[in-house]
Amino acid sequence: MHYTFTAGADPRPNTAPPHEIVQDAPAGFTIKNARGIFRPTGSVSFDEAVVLVSDAIVFANSKKIVELLVDSTALTGFPSPDTFQRFFAVTAWANTARGGLRIVFVARADMIDPQKFGVTAAANRGLLCEIFTTESEAHAWLDSTKPVATVQP
């Protein structure tokens, strides 16, 4: 089932295409089968990329989406993040997600830490996430993990 969202309204079933563009969503955000998919594009700084993902998380939370795929492969403008930047990013995202969202990232191989430090740091902050180089792996991970309960502040 697909949903259309309008400002201030509850979701309602419709016959939208499989990858639906959602009103008021961050650019590049679609919903398919109740799963948020965010594909940001452009040349940005690392800090701007963190904000883009944070905005997608806020939007997903506002629509009660519990699974979010973030494909950052079309983002350019910054090198592979260092350990501190990874820590900064996942801490911000974990705080924004508030434990109610499973996030899977798709990134270019050169952007993924071989030890997956970010995934570990995120887990230590209550964010269940993973990172892969393909969307098919990302969808498979989401399909294989169990939903988590939403934590309210």
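Coordinate-derived values only; no laboratory data. Keep in mind that what you see is a predicted model, and the values were worked out from it rather than measured. A quick note on method: Cβ atoms are made from the backbone with ideal geometry, for glycine too, and the neighbour counts reach across all protein chains shown.
Once both labels are positioned 7 Å from their Cα atoms along Cα-to-Cβ, the gap between Asp113 and Val51 label points is 2.4 nm.
Using the Cβ-Cβ distance between Asn124 and Val58 with R0 = 22 Å, the FRET efficiency computed as 1/(1 + (r/R0)^6) comes to roughly 0.50.
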